[in-house]
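In what follows, a structure is listed as structure tokens, so that the remarks can point back to it.
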Amino acid sequence: MEHPGFWHVFSVWVAALLTLIAYSFLYKDNPAYRFVEALFVGVSAGYGLAIVYRDVVIPDLWKPIHDEGDLLRLIPAVIGVLMLSRFHPKISWLSRWPMAFTIGIGAGMSIPATIQANILKQVQGTMVSPVVLDKATAMENAVASVSNVVLIIGVLSVLAYFFFSKEHTGGYGRFCKLGIYFLMFSFGASFGYTVMARVSLLIGRVTFLLYDWLHVGAVLLR
Amino acid sequence: MSHTPDAASGNRDFWVRLQRIDRRWIFLVLFVGVVVPYFTPLGCRVRPSDPTRKLYDFIDKLPERKPVMISFDYGPGSAAELDPMAVAIARHCFKKNLRLIGVTLDPTGALLIRKAFEKAGKDLGKKMHEDWVSLGYKPGGGVVVLGIGGGLDTVFATDSEGKPYGEIPALEGVRNYDDIGIVVDLASSAAPDIWIRYAREAFKANLACGVTGVMVAAYYPYLQTGQFIGILGGLKGAAEYEQLTEAPGDGQIGMDSQSVAHLIVIALVILGNVASIASRRGPRG
């Protein structure tokens, strides 16, 4: 087996100790936890900045200007730098130009794309037949039909619940209440997935602590 | 059976105390529940779900050397859930002799590309630049995704190592989405929305996603409309994909612990509700 180098062992120990300090918050807030929290924010910001420098500033700005003489790259660079004028009250108005540029491009790009992807396609996806006959077996047809009916009633009842121009009373009120039940099912599913996600993060750390740090555990698959 | 008023009051006090239990006991029980299966595996089986199987089947049918693009739109904070997916998908692609292209819309995801591809391709002898390439990070989100549709080389003139686009064998013949078999977005943010809007709707790119458990419920509607070919949800999605590829990895390691933790949470939810109801019953003083 290849022996891990000093820096690998060192980095594993640092990561393990930082993990334990982060989890110490679960027992009680303490200065060591707050240090690790601040360290995480600082390192994340520095890491992001270094990547932007390596993957964007050097290949997309410095090299084209310096090596190829592509001076057109100075235009977006200057527009970007104007964003920083917000830090000086006297010239902060200059930041409105890049902001206007960014908002204009963003709105122009996203409005038609969002209508197509999130509204028209989703409405189209709801236009299904309540009776399905094209499946292989009668059982599959029945399951698909029930699924489509639930989908149609679910969408309509939830939309009715969010229609506030008519009082939620009588038969219409009961239909709106059905919409609440559909919403509750949806919230329950989201909550279940959230629990799964949080436990997964804990599992990730436990796997690291047991296998990479302590080298213990029966299920050694790595 | 009847209770005296004192006994009923004592019972109610018990349920009230139970609701005020120090939450650190719950953390401890959950921690023990997660750790124990590492030493005594329970062998919980993972049954691949339809959304996972659809993605697997699609990739499985791609012809040899067809490029697959994976977008690593997450940082180290979500790596516990999404790294196992990246490795499982990459391993499947390498076994099928497909080429892999890694990109990211999140600067903190840039270094995760190489780590995942190296881990997946190590045993199969896959090499950087020949079988896979990391194009790294570009800012702009939607602008980048739209730009790839116009020409991948116009957005990424070099890879993250500085090698020019035209000198990378893994990118030979790859102009835009037309030449890419499928784009798989692994995300812990709203990045899948960007890929749907600008890659799927604008260029009809084949698209799938793997997202954190918190987000997965929000993306199921896109599966039904066919905008996504498949979806992997959280660590379970990774475990399902590993099961399909018959290559156990970090996803399956955690499934026993995940099951035990879920049973504990379900028991606590039931206990909490019973305590809430019981503490409101009986004579009031």
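The values are calculated or read from the model by the stated rules, or taken from the named source; none is laboratory data. Just so you know, these numbers come straight off a predicted model, no measurement behind them. All Cβ positions, even for glycine, are placed from backbone atoms using ideal geometry, and neighbour counts span all protein chains on display.
Tell me yes or no: at least one residue of the range A:63-73 is away from every other protein chain (no Cβ under 11 Å), hydrophobic (A, V, I, L, M, F, W, C), over 31 Å from the mean Cα position of the chain (by Cα) and surrounded by 13 or more Cβ atoms within 10 Å (Cβ to Cβ). Checked against the condition, which is being away from every other protein chain (no Cβ under 11 Å), hydrophobic (A, V, I, L, M, F, W, C), over 31 Å from the mean Cα position of the chain (by Cα) and surrounded by 13 or more Cβ atoms within 10 Å (Cβ to Cβ), the range A:63-73 yields at least one hit. Filter the range B:37-59 down to the residues that are in a helix (DSSP H, G or I) and within 14 Å of chain A (Cβ to nearest Cβ) and list them by number. Once the filter is applied, which keeps residues that are in a helix (DSSP H, G or I) and within 14 Å of chain A (Cβ to nearest Cβ), the range B:37-59 yields B:Pro37, B:Tyr38, B:Phe39, B:Asp50, B:Pro51. Number of residues in the range A:191-217 that are more than 7 Å from chain B (Cβ to nearest Cβ), within 20 Å of A:His3 (Cα to Cα) and in a helix (DSSP H, G or I) equals 5.
Entry remark, the range B:37-67: residues being loosely packed, with under 15 Cβ neighbours inside 10 Å, farther than 30 Å from B:Gly173 by Cβ, more than 21 Å from the chain's Cα centre (by Cα) and in contact (Cβ under 8 Å) with a residue 12 or more places away in the chain number 2 in total.
Set side by side, the residues B:Gly150, B:Gly125 differ, and just one is more than 19 Å from the chain's Cα centre (by Cα) and within 14 Å of chain A (Cβ to nearest Cβ), which is B:Gly150.
Rundown of residues vs (1) closer than 24 Å to B:Lys61 by Cα; (2) modelled with pLDDT of 95 or more, yes/no style:
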residue: B:Val145; (1), (2): no, yes
residue: B:Pro169; (1), (2): yes, yes
residue: B:Val174; (1), (2): yes, yes
residue: B:Val183; (1), (2): yes, yes
residue: B:Ala190; (1), (2): no, no
residue: B:Ala202; (1), (2): no, no
residue: B:Cys209; (1), (2): yes, yes
residue: B:Met215; (1), (2): no, no
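On inspection, B:Ala120 passes the criterion of being within 14 Å of chain A (Cβ to nearest Cβ) and either of a type in the set (A, V, I, L, M, F, W, C) or outside any helix (DSSP H, G or I) (or both). Of all the listed residues (A:Ala32, A:Ala22, A:Ala15, A:Ala38), the sole one being assigned to a helix (DSSP H, G or I) and either surrounded by fewer than 13 Cβ atoms within 10 Å (Cβ to Cβ) or not hydrophobic (A, V, I, L, M, F, W, C) (or both) is A:Ala38. Residues considered: A:Ala113, A:Ala142. Of these, the only one that is assigned to a helix (DSSP H, G or I), modelled with pLDDT of 90 or more and within 13 Å of chain B (Cβ to nearest Cβ) is A:Ala113. Being farther than 15 Å from B:Arg99 by Cα, of a type outside the set (Gly, Ala, Ser) and surrounded by fewer than 20 Cβ atoms within 10 Å (Cβ to Cβ) is the filter here; which residues of the range B:125-143 pass it? Those that are farther than 15 Å from B:Arg99 by Cα, of a type outside the set (Gly, Ala, Ser) and surrounded by fewer than 20 Cβ atoms within 10 Å (Cβ to Cβ): B:Pro139, B:Val143. Whenever a residue of the range B:205-222 is at the interface with chain A (Cβ under 10 Å from one of its Cβ atoms), its partners that are surrounded by 20 or more Cβ atoms within 10 Å (Cβ to Cβ) and acidic (Asp, Glu), lying with C-beta atoms within less than 6 angstrom and at least six residues away or across chains, give the pairs B:Thr212/B:Glu81. Here A:Ile119 fits the description: assigned to a helix (DSSP H, G or I) and within 14 Å of another protein chain (Cβ to nearest Cβ).
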